[in-house]
1. Of the residues THR123, THR139, THR111, THR133, only one is polar (S, T, N, Q) and modelled with pLDDT under 95; which?
2. Select from segment 123-176 the residues that are aromatic (Phe, Trp, Tyr) and closer than 15 Å to THR111 by Cα and list them in ascending order.
3. Do you know which of the residues in segment 49-64 that are among the charged types (D, E, K, R) and in contact with a Gly (Cβ under 8 Å, 6 or more places away or on another chain) is surrounded by the fewest Cβ atoms within 10 Å (Cβ to Cβ)?
4. For segment 47-70, enumerate the residues that are under 14 Å from SER29 (Cα atoms) and of a type outside the set (A, V, I, L, M, F, W, C).
5. Can you tell me which residue among ASP54, ASP65 is over 21 Å from the mean Cα position of the chain (by Cα), among the acidic types (Asp, Glu) and at positive phi?
6. Quick one: what pairs do we get from segment 90-110, first residue surrounded by 12 or more Cβ atoms within 10 Å (Cβ to Cβ), second in a strand (DSSP E or B) and among the aromatic types (Phe, Trp, Tyr), C-beta under 6 Å, 6+ apart or different chains?
7. Show the residue pairs meeting these rules: Cβ distance below 7 Å; 6+ apart or different chains; first residue within segment 39-63 and within 20 Å of VAL22 (Cβ to Cβ) and in contact (Cβ under 8 Å) with a residue 40 or more places away in the chain; second residue acidic (Asp, Glu) and assigned to a strand (DSSP E or B).
8. For a quick check of your reading: which strands (runs of 3 or more DSSP E) sit entirely within segment 1-101 and have at least 3 residues that are assigned by TED's automatic domain parsing to the domain that holds THR133?
Amino acid sequence: MPKSGKTMSRIGRQIITIPQNVTITVDKSIVTVTGSKGTLTQVLPARIEVEINDNILTVKRLAEDKKTRSNHGSLRALINNMITGVVTGWVKELEVRGTGYKASVSGDKLTVIAGFIHPVFVTAPKDVSFVVTDDTKITVSGLDKTIVGQIASNIRKIRPPEPYKGKGIRYLNEFIKLKAGKTAKA
């Protein structure tokens, strides 16, 4: 297939149907999405335009240079994620495995005990909440997909699962391929 600079992004050209309880406003270069859970904003890149007609949102690009083409699909996906965030929210679940490893929440502060001589504290940013069940299941929830994912990743980095016994913090249902340990000589 020849490379012509005029192909459109497959993601960028898809329309977004705006749900009934969501309002979207475009003010110069800022898109604001408001729903039942809260409000999110996104700055529009140069040479990208957002149009709203009859509860249908379309993202259009005004130029065909490489940077504008690469921003086209990304911006459409970001706006769609913002709509999902203000309607249902985003959730990441983690699991703590290991003897003596546990987590607890007090207010907006998560305390993780994961084999260190001191507990590790993680403070939730605005619009993000932690829930701990059974001392081993951590749920990170919030409006913004990138912030929820980053916080969950930071919690996992406290003690990533090790490859021999699988002890550590992992995403729920994450598969860790375990290595064989040392074997005795016969």
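The values are calculated or read from the model by the stated rules, or taken from the named source; none is laboratory data. It should be emphasised that the depicted structure is a prediction, and the values quoted were computed from it without experimental measurement. Neighbour counts are summed over all protein chains in view; Cβ atoms, including those assigned to glycine, are modelled from backbone coordinates with ideal geometry.
1. Exactly one residue qualifies, and that residue is THR133.
2. Taking segment 123-176 and keeping what is aromatic (Phe, Trp, Tyr), we get 130, 164, 171, 175.
The answer is PHE130, and nothing else.
3. Step by step, filter segment 49-64, then rank; the result is GLU64.
4. Correct list: ARG47, GLU49, GLU51, LYS60, ARG61.
5. Being over 21 Å from the mean Cα position of the chain (by Cα), among the acidic types (Asp, Glu) and at positive phi holds for just one of ASP54, ASP65, which is ASP54.
6. Pairs that qualify, where the first residue is surrounded by 12 or more Cβ atoms within 10 Å (Cβ to Cβ) and the partner is in a strand (DSSP E or B) and among the aromatic types (Phe, Trp, Tyr), are LEU94/TYR171; VAL105/PHE130; LYS109/PHE121; LEU110/PHE130.
7. Pairs found: THR58/GLU51.
8. 90-97
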